[in-house]
4 protein chains.
Amino acid sequence: MNQKLQTRNWKQKLHEVIYEADTPMGRIFDVVLLILILLSIIFVMMESVKGLSEKTYDFLYYSEWIITIFFTFEYIARIISIKKPAKYIFSFYGIIDFLSTIPLYLSFFFIGSSALLTVRALRLLRIFRILKISRYIGESNKLAKAIKDSRAKILVFLFAVVVVCIITGTLMYIIEGEESGFKSIPISVYWCIVTLTTVGYGDIAPVTPVGQLLAALIMIMGYGIIAVPTGIVSAEYSASQKAAIVNINSQSCSNCNASKHQDGAKFCHNCGHTLFND
Amino acid sequence: MNQKLQTRNWKQKLHEVIYEADTPMGRIFDVVLLILILLSIIFVMMESVKGLSEKTYDFLYYSEWIITIFFTFEYIARIISIKKPAKYIFSFYGIIDFLSTIPLYLSFFFIGSSALLTVRALRLLRIFRILKISRYIGESNKLAKAIKDSRAKILVFLFAVVVVCIITGTLMYIIEGEESGFKSIPISVYWCIVTLTTVGYGDIAPVTPVGQLLAALIMIMGYGIIAVPTGIVSAEYSASQKAAIVNINSQSCSNCNASKHQDGAKFCHNCGHTLFND
Amino acid sequence: MNQKLQTRNWKQKLHEVIYEADTPMGRIFDVVLLILILLSIIFVMMESVKGLSEKTYDFLYYSEWIITIFFTFEYIARIISIKKPAKYIFSFYGIIDFLSTIPLYLSFFFIGSSALLTVRALRLLRIFRILKISRYIGESNKLAKAIKDSRAKILVFLFAVVVVCIITGTLMYIIEGEESGFKSIPISVYWCIVTLTTVGYGDIAPVTPVGQLLAALIMIMGYGIIAVPTGIVSAEYSASQKAAIVNINSQSCSNCNASKHQDGAKFCHNCGHTLFND
Amino acid sequence: MNQKLQTRNWKQKLHEVIYEADTPMGRIFDVVLLILILLSIIFVMMESVKGLSEKTYDFLYYSEWIITIFFTFEYIARIISIKKPAKYIFSFYGIIDFLSTIPLYLSFFFIGSSALLTVRALRLLRIFRILKISRYIGESNKLAKAIKDSRAKILVFLFAVVVVCIITGTLMYIIEGEESGFKSIPISVYWCIVTLTTVGYGDIAPVTPVGQLLAALIMIMGYGIIAVPTGIVSAEYSASQKAAIVNINSQSCSNCNASKHQDGAKFCHNCGHTLFND
């Protein structure tokens, strides 16, 4: 039993180091992890730069293995130290942590196989490690809430944008034809999205007067409707902020049980009975 | 009369299947229709891709006929099952449904005629079928209301943008001249719209110092005035949302006849008389 | 004296036709003017299109003269029919009306002179006639007010943008050098404005890694600070709209002389004395 | 002691001229300084324009020395006339003033040395003098406050944008490959930032269908999420403005010590006791 207690104690300490940033050890662990994540991202990027990756091949190779081994230990430690490992493993961060560790091992097993290119692509997916960083970003609850609240509306809006792009893209395909670079409807729709979102690469551009007129209409439309998602988020965020300012609390009247009292209210807004603040 | 009742019964059932999504049959009908619309859009797009359309010619040809026949039955069924067919036929969806069905028949009748290109363009208009989908998008009333409320102001604003583009376009034509690609005033105005809306293709770009200065002014102006439509929609949407939050009801006081009472108010805000809620 | 009265009467009628849109004659006058303005704009544009202007030279020449003569009569009539001609002549519309009429006469007098190009440019300034149209656009007072109220702040903001562009433009000139198209600081500043305002022509683009990094920073900055003017207009417009909703009136208390009473308020918010509404 | 008083007097006068814009001398000083700053910026720009700088070499050389000497005197005068020179020297404007003066001297000392290019770059840093101008821009406190309040949130947002760009950039590198211009992950991330911020140079553009599809998704995402920073600033600014309208003051009731009284309130909103305004 003493043995068992010690195990629990040891697990609890590990839990403290990994999951709590308040203890000195926990803080050191967090800083080391943060640095390793950033280093790892930089290494993945360096690997893709031709001249650079050849010069620093050995360095990148060994660094990557060191980082991967550390991430492996981190992943195992997280599973051991938590009470319900399944909950962690299938959580967002659990999956990210798994994907951060596995690519190198996979590339190790598949080496020599013909699917070299696929393996290389797989290795590059280590870039998703950057999502591990989101653990360290403040929650910024209000912002997230505003986006969440307006997500449905923004999706409807973006869907409407896609519908508009499909229709105008087809019209442009009919008007401009294949000589101007509008080779097919999908390409025309792609061009239309490029234009409506005001990106405007210029790799494809209308050359006929009618095409340019329609393009101008699409642009002005894009310029006008960009206001819609902005207005939505703006209003939602403003509303969520106002709710926070007025500070409606969860108190309820002892007399009539009415709720939604303003912070600092002394009398029930419903029956006039005195409210007792904590 | 029994016959008549049966007919009505049969029509009513059709009406339920087509117009109501709550019954099991209605739900199946909706899903089948949705899939056919999306397939149809994909087929139109595939048809325009060179290599693809040649390989899959037969498949596309027969699929298109099947979809069109289904849409024909749907159109006829909608007309039969409704009490006032004229109202449906000339409604937005009635016209869309008609245009979704007719192109293939037309191309069939005109085949062999010299106006082959026009017929092909006609067939492509099947893309408008995507608008049939809007039946399935939630109303999102508040958003639609905010856009509707600010439509007039946004149109005035966009008209002002066009006026600015015509004037600055003419100035650019005078400054840059035809060597820089500003071949005529319409082209210059087109360039000006491309610039002001921050699309910026780069197919035409000023090369003289004075032209670049004016272009920079137009861009900064465009960057500044994009705020205007956004501000309008944002404020309108915010207002329409606030009205929904405060929930001013149409109740009026039985004592002093004052109106605009907040939802849930128990006493008149004007004379203090008790309000009777429904 | 009878003569004088008749003159006044005649002038008054002219005033009615020109300045008032409520009378039948006034409405006809407005419609004719509107059509002539739009035609004139179209003619100026046609003149600049190479192939088109040669084919329709005679038509454009005579049409222009007819329109100009009409505008001349309009200008003279406006001066005659108003009580204080000076006030009209030096008003915004007075200047626009003058500039709408004079270019053709000037080109007539200067014809044959060597300054042909300048004269042609002068003729093109007829495009400013489009501003005559603004007489017919509804005032949209609230919108104009919101822009007016936020003008100072937006100008300060845009000035800050220019300062940022001058500094980053110089840095890009140092980093990228003249080989990448950043030929001089003014060009670099121009590029920087193109990038920050998210126009992005692509005629000049950074090629060195450091330059691309700085460019990425400028873009993200531009993406972030576009929020500022939008936020300003949005808030100002929202405020001007709210003021309209709350309806603070100009009434003042008969007892304590306090003002800014809400519409419909029955008692002074300052001393509690009864307020007498009109 | 008389001597000492005179010195103080002389210093005080200098302080008035330099730091106060209300006295006639102070106003003249400000105007001269403003003109010199703007001239200096124009000269730096002219220096970089090839043809221009050769023609006007002598003029630019002597002008620059005159301006630099004036700025030197200004810098020394600012140090002398203030009570705590250290506070000025290490303030934002102190550093800017120092950097505005030093480049020419440095270039003088290093002349003939091999590091010619670096020295030239150093001289161009005179462009930072433009920041001296910010002394003359009105504070526009509310705007600055709104940006300050939303800075943290905008930074989190922009960081999220960078994370998205790194991930999608890597995906594009895998999809498009090096033939399409996506030569390495950093280049792909750069392209992704160019696209997401709707700049869209077009120097790199996807050519494969899958790449164009992903690009379209990034664009639509960029179009949708531009709403986020705008919404934040808009709401913050609106809130800061509302606070300014209601004018909640820091007064507290002498009876119950409740605070957050509205400006001009005469009675405590909590206990009804009379409030004594200053």
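The values are calculated or read from the model by the stated rules, or taken from the named source; none is laboratory data. Computed from a predicted model, the values in this text were never measured in an experiment. Note that we place each Cβ from the backbone using ideal geometry, even for glycine, and neighbour counts take in every protein chain shown. Surface areas here come from the heavy atoms of the whole protein model, side chains and all, with no ligands, DNA or RNA. Shrake-Rupley method; radii C 1.70, N 1.55, O 1.52, S 1.80 Å.
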Using a 1.4 Å probe, how large is the accessible area of A:Ser81, given in Å² and rounded to the nearest 10?
-> 10 Å²
Work out the count of Lys pairs in the stretch B:142-243 where the Cα-Cα distance is under 17 Å, with the pair 8 or more places apart or on different chains.
-> 4
Using a 1.4 Å probe, how large is the accessible area of C:Thr230, given in Å² and rounded to the nearest 10?
-> 10 Å²
Per-residue average of Cβ from other chains inside 10 Å of C:182-195 | 6
Could you order C:Met172, A:Met221 by accessible surface area, starting with the largest, using a probe radius of 1.4 Å?
-> A:Met221, C:Met172
Output, in nm with one decimal and in ascending order, the distances from the B:Leu34 label point to the matching label points of the other copies (7 Å from Cα along Cα-to-Cβ).
-> 4.5, 4.5, 6.4
Place the label 7 angstrom along Cα→C-beta at A:Val207 and in each other copy, then list the distances from the first to the rest in nm, shortest first.
-> 1.9, 1.9, 2.6
FRET efficiency (C:Thr23, C:Ile76; Cβ distance; R0 25 Å; to 0.05) is 0.75
Just how much of A:Ile82 is accessible, in Å², when a 1.4 Å probe is used and the result is rounded to the nearest 10?
-> 50 Å²
Projected area averaged over all directions for the convex hull of the alpha carbon atoms of the stretch D:142-243, nm², comes out at 6.6 nm²
Quick tally, 1.4 Å probe accessible area for B:Phe43, C:Phe128, sorted with the most first, runs C:Phe128, B:Phe43
Taking the label point 7 Å from Cα in the Cβ direction, how far apart in nm is D:Tyr57 from each other copy of itself, listed shortest first?
-> 5.1, 5.1, 7.3
What aspartates and glutamates sit close enough to A:Lys83 to cross-link, taking a C-alpha to C-alpha distance under 19 Å and skipping anything fewer than 8 places away on the same chain?
-> A:Glu16, A:Glu20, A:Glu74, A:Asp97
How big is the charge dipole of the stretch C:25-89 about its Cα centre, in debye rounded to the nearest 20, if each Lys and Arg gets +1 on its Cβ and each Asp and Glu gets -1 on its Cβ?
-> 460 debye
How do C:Leu39, D:Leu60 rank by accessible surface area computed with a 1.4 Å probe, from largest to smallest?
-> C:Leu39, D:Leu60
Given a 1.4 Å probe and no ligands, DNA or RNA in the count, how much accessible surface is buried by D and C, both sides, to the nearest 100 Å²?
-> 3800 Å²
For the stretch C:142-243, what relative contact order do you get, as a whole percent, if you take Cα pairs closer than 8 Å and at least 6 residues apart?
-> 37 percent
